[in-house]
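FYI, it's all coordinate maths here, none of it is from the lab. The structure presented is a predicted model; accordingly, all values stated were derived computationally and were not measured. Ideal geometry is used to build each Cβ from the backbone, glycine not excepted, and the neighbour counts take in all protein chains shown.
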Amino acid sequence: MPVRTTTIGAYPKPDFVPVIDWFRAEGGPDSTTPTEGYEETIRQMGAEAEPLFARAAAEVIADQVAAGIDIPTDGEVRRENYIHYHCRHLNGVDFNQLTEKVLREGAYSAYLPTITGPVSARDHFLPHDWRVAQAATGRPVKVTMPGPMTIGDTVADTFYENPRKRGADLARALNAEVLALAEAGCEYIQIDEPLFARKVDEALDFGFDNLERCFHGCPDRVVRTVHMCCGYPDRLDNPDYAKAPRDSYFKLADAIDSSVIQAISIEDAHRPNDLSLLEKFIKTTVIFGVVAIAKSRVETVDEIEQRLRDALNHIDQDRLIAAPDCGLGLLGRDLARDKLANMAEAAKRV
């Protein structure tokens with residue numbers, strides 16, 4: 001059986017989608033106003049919004065399927081970014097009250113929506129997004145969601161004094177959406193917690209507890225997936241962007257493998273790991289980043305194949321899935337398609 005393939009979340013939006021996301025905003029993912037203009041754009045789209053989003057999801061899924069991806073995503077085509085889109089559907093998060101917050105250990109600041117009261121789930125929305133995307137393909141579409149620690153780091157908060165409590169409330173709200181997705185029939189649900197790699201102590205102290213709350217009651221037929229990359233760049237081909245410490249994955253591995261997580265997504269292409277890391281995952285499937293999402297150079301099929309073969313010296317083939325390091329939004333569609341096609345070809349060869 002060849003190594004399976006998936007994508008992580010974001011994909012370059014088709015040109016006809018007017019939503020400005022992290023990847024097209026001034027400053028890229030380090031935009032100072034990541035939520036600005038989203039609601040007005042949706043208002044201006046009016047009745048055309050839903051048909052455009054459905055068409056966009058179909059196009060980006062078709063790109064992935066044509067490249068050979070086994071488990072595509074909808075490319076997060078409806079979202080200004082993977083975090084704040086979800087927050088718009090939570091009680092207690094105010095998008096009119098924007099608060100300046102310093103991020104990435106002082107690397108930049110941004111004006112962010114603000115938690116002003118108890119956080120809870122409001123309306124179910126991801127089952128609709130998944131149904132629209134799943135209608136475009138016979139392959140299972142994975143749905144992505146931001147995790148509690150990552151949300152807490154990417155909004156301002158004037159209500160909670162305790163990050164553990166905030167995370168627990170966020171986890172309960174996310175769990176409501178997980179269960180709704182599962183009931184709708186979604187088989188692959190991924191929670192993104194890149195902050196775990198940056199704040200290992202907090203992740204081990206309370207982050208994993210809250211992450212497991214997100215999946216509480218999730219049926220066995222759903223693959224409980226978590227993505228932990230080491231940091232997004234502000235632009236393409238920036239070799240010096242900040243990354244999480246090199247030993248983060250090693251420090252987190254035992255907790256990952258003993259948790260309810262069934263598949264863990266880690267990056268390896270931008271900054272290769274000591275592959276003995278894979279031996280720490282006794283039961284967990286590893287979604288292994290083999291193409292870089294911040295470099296315009298397209299990895300060759302031979303390079304990707306060799307890295308996958310190297311990885312298979314440390315993990316069983318049925319527990320290895322090839323993927324990009326993270327979302328593909330910075331690349332543009334041509335580069336994204338080229339990288340995915342080479343990745344899928346390499347996976348077939350292994």
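A few comments on the model shown:
- With Cα atoms defining each centre, the stretch 224-248 and the stretch 72-118 are spaced 19 Å apart in the structure.
- Each stretch of four or more DSSP H residues adds -39500 (n - 2.57); spread over every residue of the chain, this sum gives -10000 deg cm²/dmol at 222 nm.
- Span from the the stretch 322-350 Cα centroid across to the the stretch 123-147 one, whole angstrom: 21
- For Cα extents along the principal axes in Å, the candidate list reads (i) 144, 46, 32; (ii) 51, 44, 42; (iii) 53, 43, 37; the entry that matches the value derived from this model is (ii).
- Gyration tensor (alpha-carbon) shape descriptor, the stretch 221-270, a/c threshold 1.5: oblate
- Debye, to nearest 20: dipole size of the stretch 4-349, +1 on Lys, Arg Cβ, -1 on Asp, Glu Cβ: 420
- Projecting the Cα atoms of Gly27, Tyr38, Asn91 onto the charge dipole of the chain (Cβ charges, centred on the Cα centre) puts Asn91 farthest toward the positive pole.
- The chain: relative contact order in percent, alpha carbon pairs under 8 Å with at least 6 residues between: 20
- Antiparallel DSSP beta bridges within the chain, as percent of all bridges there, nearest 5: 25
- Of all lysines in the structure, the ones whose alpha carbon falls short of 21 Å from that of Lys13, not counting any fewer than 8 places away in one chain, are Lys142, Lys295, Lys339.
- Kyte-Doolittle mean at least -0.5 and Cα axial length at least 30 Å: DSSP H helices in the chain: 163-184
- Ordered by the count of other Cβ atoms within 10 Å of each Cβ, fewest first, Asp257, Asp15 give Asp15, Asp257.
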